[in-house]
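The values are calculated or read from the model by the stated rules, or taken from the named source; none is laboratory data. Everything quoted here is computed from the prediction, not taken from an experiment. Cβ atoms come from the backbone with ideal geometry, glycine included; neighbour counts cover every protein chain shown. The accessibility values were calculated without ligands, DNA or RNA, using every heavy atom of the protein model including side chains. Shrake-Rupley method; radii C 1.70, N 1.55, O 1.52, S 1.80 Å.
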Number of protein chains: 2
Amino acid sequence: MWITYPGDFEIWLGNAFNNRRTERGAMFPPFWKQDTHYVTVEFSTVVRLTHPETIRITAEGRYNFMLDGKLQYGEPSTFLIPDGEHRINIKIWNQTTPPALFITGDTIHTDSTWLATYEDKIWIDENGVAHGSGIYVPAAVHPAFQTIEQRPSLFRLSTSPMRPVSVEKEDGGILCDFGKETMGYVILHGGRKGDNIDIFYGESREEATDHDRCETLDRITVSADGDYIVPDSKAFRFVHVITHGSPLSDVTALYEFLPFDTENSGSFECSDPLLNKIWDISAYTLDLTTREFFMDGIKRDRWTWSGDAIQSYLMNYYLRFSSDTVKRTIRQLRGKDPVTAHVNTIMDYTFYWFNSVLDYYTFTNDIAFVREIYPRMRSLMDYVLGRTDTRGFADGRPDDWIFVDWVDFPMPKRGVMAFEQILFAKSLQTMAECAQLLADNQPINLPQGSLTTDDYTADARHYSSLFSSLRQQTDNVFWSDEQHAYLHHEEKGEVSQIITKFPNMFAVIYGFADAQRKEEILHSVMLNPAVEPITTPYMRFYELEALCIMQQHDLVLQEMKDYWGGMINEGATSFWEKYIPGEQGTEHLQMYGRPYGKSLCHAWGASPLYILGRYFLGIRPLKPGYEEWECRPHLSTLSYMKGSVPTPHGPIHLSVTPDTVTIQSPIKGGKLYLGDKCILIDRTDEPVTIQKSGCSK
Amino acid sequence: MWITYPGDFEIWLGNAFNNRRTERGAMFPPFWKQDTHYVTVEFSTVVRLTHPETIRITAEGRYNFMLDGKLQYGEPSTFLIPDGEHRINIKIWNQTTPPALFITGDTIHTDSTWLATYEDKIWIDENGVAHGSGIYVPAAVHPAFQTIEQRPSLFRLSTSPMRPVSVEKEDGGILCDFGKETMGYVILHGGRKGDNIDIFYGESREEATDHDRCETLDRITVSADGDYIVPDSKAFRFVHVITHGSPLSDVTALYEFLPFDTENSGSFECSDPLLNKIWDISAYTLDLTTREFFMDGIKRDRWTWSGDAIQSYLMNYYLRFSSDTVKRTIRQLRGKDPVTAHVNTIMDYTFYWFNSVLDYYTFTNDIAFVREIYPRMRSLMDYVLGRTDTRGFADGRPDDWIFVDWVDFPMPKRGVMAFEQILFAKSLQTMAECAQLLADNQPINLPQGSLTTDDYTADARHYSSLFSSLRQQTDNVFWSDEQHAYLHHEEKGEVSQIITKFPNMFAVIYGFADAQRKEEILHSVMLNPAVEPITTPYMRFYELEALCIMQQHDLVLQEMKDYWGGMINEGATSFWEKYIPGEQGTEHLQMYGRPYGKSLCHAWGASPLYILGRYFLGIRPLKPGYEEWECRPHLSTLSYMKGSVPTPHGPIHLSVTPDTVTIQSPIKGGKLYLGDKCILIDRTDEPVTIQKSGCSK
């Protein structure tokens, strides 16, 4: 298989991905630092052979080949390794795409046992002896790069043909309706070389036909007679094609997608058809935004955003369980040192990034990834800790973006925000847990330059102490016994009396609020109509999660039907960036002061996937990678529900009626909670039905 | 002209340059981290037009174009800017070569007034207002990229044809002797497509004909009938060409070189023909090693090395005054943050790097370059200061290479080396001086994110205090009143009684030793035959410089004639990496345990250029860029000498006999010292002759 330096493929691909965004035909790169791959990387291994063996060497980049410390002539494509123990070192230089190596022989193959370094740091001591002080890490492998033909630099998503469901002549052009929101490459059929053709894309009919204001467009000069595939994929439901030359014979498209594992996918079906529709459209929304990376929205921004991504990850654990897309996105978002800004320039997005690593570990048990990313967690946390006030609070500096949410009321964002401190505390806790995890799980053969057990143990202690102190400080400063809530912020030494849902719901989700405070928060904040409502699916994710944790399943079900059902009533074929129930007609298309500024397919719109899987089917890992797991089904007002939840071992199938729970699990260690009763679930090849009778409600 | 992000062209070109080294046909990259250019860069300016103006836009990379904050369609190659004040922002993405921009119009042109950033850091505040918190710097311009055709990515050295001076049949092949050491591309004439031809290069006849052990070779398959130019340039005097197909009609070469300013070059001629030959061969040696960057040696390593480079810079100020090559090399050597190792992994080389910046400023008065590089000086010094012991000494850490010199006697290099502390102290002094310089010379319109005057002032104080403390500590620990010398090192708390020339001569050169100590060092170290001799031209540079400072010109002249004259006697056509007078025949070719391991054209071999210009012609700047300068001619045992020293204002010409000094200067501010007399020299269009009579000797 191909090997690369860890993270480099993602950082390189991320540049192509993020720079692919266009706004009315102009490239629109992100406004944060774009890192790139290490251009010169050395890969090495030691082999022990009983027979001589010829290996075949393929590289992306110019390379050299060293056997037992001796450079060999040129760039050998094959090499005979003698029997016995031998050291192989290969250095590859590639400015354009990540240095990558593929070696195959009878027994020798590039894989994750190989080491990689971008700096071997050779030096010569006073006795003329050469030493190497480089930092080595296990080489990265990728499921998509198994064969020699699957070169990392050639990575592409899959495509399949699609046709519009209706075509009409409109305004001197052809207006194609593909029937639902989609993403892909438009194909113009039967054009003539040199023809000038304009393509206006719309998530709505209004957008595609409003040529002066639609968000994306292409002005094409056809390069040859016949079929012409537009070079960049775009988001659209409607495409308005204006031909300035000979008429086209047809307009179709290639749907572009990341293939997923149909054998290990999530599903949900219940007695409520609207809820089923909500789940299906959520799944489609997440599939559309699950690409090279988890994308915020397919029309806009088409970037990776950490706050959006952590929600996609959580939904993904209940839909496709694409661990690789999670890892790719986490690596891409982090980039490289030096840290010069928060992730995506947003303070909250830095904190979500930390927490996504522990979430990933919890769902997958992939400790190798935690070990890989930990040094970059550490240097990102150094950046955060270098910007705190004397009490240890992460007060926003003049160049920090404090996002929280898009809100429709005046909400102060300067000074010390309670919301940010709660996220920060959770990040410190995450750091401490990851450090302890790595201290407890050191591999036997540590590559040169690795962090030691002592390093990890010291880190765990350090972060744990910072966590305790910050949590205490946050409680002291922001919890109000009078208001029964965390207050919004402190500015110029004054704690405001403003209450918002944000800090309160995160205190519930992260378990920082005890049972008593949870109860207070439920009534004084979450159910209090005087507190400003949330108007993005983004923060509704956490709002509904907090309500579920506080056992408000009936309310959550109704909220889902009202809110996501409301979008469906407005004609949504995928879920939106923002939805304000009272708005009318084309008001739903507007955002950021632009008539079609709103993204109508936004990953954070798909949160019912997570809420239904995690809190209604009620399945989640108790130990990393579902080595232990629980199922706490909540039928709520439904008369039945059934569904599947993917795990690293395959899907758990569940079916629930008022009287029975039927379960089939590919893995032991399950705990089914029915009322106050806990039933242990073993691996079951066939569905097993458990009667609820005798269990308290 | 083309603009790029400062330093990025050099870092990118440096990768091509350093990775071009081969050893017996195998690519041989350096063993330190190779950085690369920022792949996405934004360039911006504000224009004020009285008439509308059409600009022409050319970029290396994909780009967008924003006028007054509004993105324009596609990648416009021309654009009409309306009259009035307008803001232009262009973002360019290029993974392969540095993003570069060329804009030209009637009044609008890209130049160093444009700003560049790799991170505009846009964010939105609580009122929905967008802000940018990016760090902006003046865009970099390059003299080589003035016209639209001179794209940075196409930068190449010049070439001119050359022929061997003799050709003989040898061992079934053709042995060409080009008469002297040279560097370029071999051309095979009259080959047939598909012919296999081997080329063995030699700095000596022995090397070119020793096919199994020569250091560089090419195995070529001719790609077309006719003339074939070998793709990579190589160092050679002899080339042995073995044809495995049809015979060749001829073998020639293209000499490859960096053009220099013949109008502003140094020269030297005197009554001693051997000294004249030494100067000429030194000049040729430095010309051969002055390329995209200052290179250590043209056969090996063909890399940039900071310790070698600082000497090349100083020689260059007395030969070609190529400020651009100095800047390119300083930028390339520094690379980017994070700092993960010393420059070239060598502690001493880090210190030379700092000092080279102040040297450059002294000779050129180019404060803009100091301002550009200062943030990277600061972060490199942070790295150094993060690795000191409790007394502030830079004790070598296990992964630091302590080089000092190639020595032929056992010399301890662990613990705290006096030599390194003296270099470190000089670096701290350099930091303090640069910081103060920038504090005193802030431009009026500082780009956003620039260091403030307060920042610089605080730095100057900080570094100055560290300097004083380190100098004091070094004196306390290492100066021996008994031995009248700086002792070599301290290890495990014990100061050794070993004396080497290294710390002592640097204490003299940097002015850390006062008159009394200088005198002691002269006798107890520099002239003491019991102290181990120096055997590389590298450290002979500083040895001779220290002796000149201690007024030992007669001795230095004789040493030059013996040592460099010794190489000439052995047939040198360029000066060597190392020379041990007692060695015989092919012993001179050996090094590193390899029969032809020694480089026979090594930049550090050319130091007579500096010694003769600086201490015999005696010319040097007293104020930056020769705004004030002095001439202290030392005829020594010569009956006459004449020569030229380049300055930013053109060359100063000097001619000295025992009775007269004739001087012609393009710049005022000169001080001619004759004995204890100082004569002020104004700008002189014609040579002016001054009689020495009346001046004390």
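At a glance:
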item: Enumeration of residues in the stretch A:197-247 that are away from every other protein chain (no Cβ under 14 Å), within 17 Å of A:PRO595 (Cα to Cα) and charged (D, E, K, R); result: A:GLU203, A:ARG205, A:GLU206, A:GLU207, A:ASP210, A:ARG237
item: Count of the stretch A:432-442 residues which are free of Cβ contacts under 8 Å to residues at least 24 places away in the same chain and either aliphatic (A, V, I, L, M) or open to solvent by less than 50 Å² (accessible area, probe 1.4 Å) (or both); result: 2
item: Any hit, the stretch B:407-416, residues being within 14 Å of chain A (Cβ to nearest Cβ), open to solvent by 10 Å² or more (accessible area, probe 1.4 Å), hydrophobic (A, V, I, L, M, F, W, C) and closer than 27 Å to B:PRO537 by Cα; result: yes
item: Conditions (1) small (Gly, Ala, Ser); (2) under 30 Å from the mean Cα position of the chain (by Cα); (3) surrounded by fewer than 17 Cβ atoms within 10 Å (Cβ to Cβ); number of the one not met by B:ALA100; result: (3)
item: Residue satisfying all of: in the stretch B:74-88; open to solvent by less than 60 Å² (accessible area, probe 1.4 Å) and of a type in the set (Gly, Ala, Ser); nearest to the other protein chains (Cβ to nearest Cβ) among these; result: B:GLY74
item: Single residue of B:SER112, B:SER133, B:SER153 found to be modelled with pLDDT under 95 and among the hydroxyl-bearing types (Ser, Thr, Tyr); result: B:SER133
item: Scan of the stretch A:256-276 for residues that are open to solvent by 50 Å² or more (accessible area, probe 1.4 Å) and either over 22 Å from A:LEU638 (Cβ atoms) or under 24 Å from the mean Cα position of the chain (by Cα) (or both), ordered by number; result: A:PHE257, A:PRO259, A:PHE260, A:ASP261, A:THR262, A:GLU263
item: Tabulated pairs, the stretch B:405-431, first under 13 Å from B:MET381 (Cβ atoms), second at pLDDT 95 or above and open to solvent by 10 Å² or more (accessible area, probe 1.4 Å), C-beta under 6 angstrom, 6+ apart or interchain; result: B:ALA425/B:PHE467; B:ALA425/B:ARG471; B:LYS426/B:TYR510; B:LEU428/B:LEU466; B:LEU428/B:PHE467; B:GLN429/B:PHE467; B:THR430/B:LEU358
item: The stretch A:5-31, residues that are surrounded by 22 or more Cβ atoms within 10 Å (Cβ to Cβ) and among the acidic types (Asp, Glu); result: A:ASP8, A:GLU10
item: Residues of the stretch A:124-173 classified as within 14 Å of chain B (Cβ to nearest Cβ) and under 27 Å from A:ASP68 (Cα atoms), total; result: 14
item: Those strands (runs of 3 or more DSSP E) lying entirely in the stretch A:105-155 with at least 1 residues without any contact (Cβ under 8 Å) to a residue 40 or more places away in the chain and not hydrophobic (A, V, I, L, M, F, W, C); result: A:130-132
item: Test: residue in the stretch B:166-173 that is farther than 27 Å from B:ILE57 by Cβ, in contact (Cβ under 8 Å) with a residue 40 or more places away in the chain and surrounded by fewer than 15 Cβ atoms within 10 Å (Cβ to Cβ); result: yes
item: Scan of the stretch A:513-533 for residues that are crowded, with 20+ Cβ neighbours inside 10 Å and not in a helix (DSSP H, G or I), ordered by number; result: A:ALA513
item: Qualifying residue in the stretch A:333-351 (condition: away from chain B (no Cβ under 11 Å) and farther than 30 Å from B:GLY335 by Cα); result: yes
item: Where B:GLY191 falls short, out of the listed (1) modelled with pLDDT under 95; (2) more than 14 Å from every other protein chain (Cβ to nearest Cβ); (3) open to solvent by 10 Å² or more (accessible area, probe 1.4 Å); result: (3)
item: Residues located in the stretch A:475-511, provided they are part of a helix (DSSP H, G or I) and either more than 34 Å from the chain's Cα centre (by Cα) or among the polar types (S, T, N, Q) (or both); result: A:ASN476, A:ASN504
item: Within the stretch A:209-227, tally of residues that are more than 12 Å from A:ASN196 (Cβ to Cβ) and part of a strand (DSSP E or B); result: 4
item: Some residue of the stretch B:392-406 being surrounded by fewer than 15 Cβ atoms within 10 Å (Cβ to Cβ) and at the interface with chain A (Cβ under 10 Å from one of its Cβ atoms); result: yes
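Results for (1) open to solvent by 10 Å² or more (accessible area, probe 1.4 Å); (2) at pLDDT 95 or above; (3) touching a strand residue (DSSP E or B) at 6+ places or on another chain (Cβ under 7 Å), shown as yes or no for each residue.
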site: A:SER607; (1), (2), (3): no, yes, no
site: A:ARG620; (1), (2), (3): yes, yes, yes
site: A:TYR640; (1), (2), (3): yes, yes, yes
site: A:HIS649; (1), (2), (3): yes, yes, no
site: A:SER665; (1), (2), (3): no, yes, yes
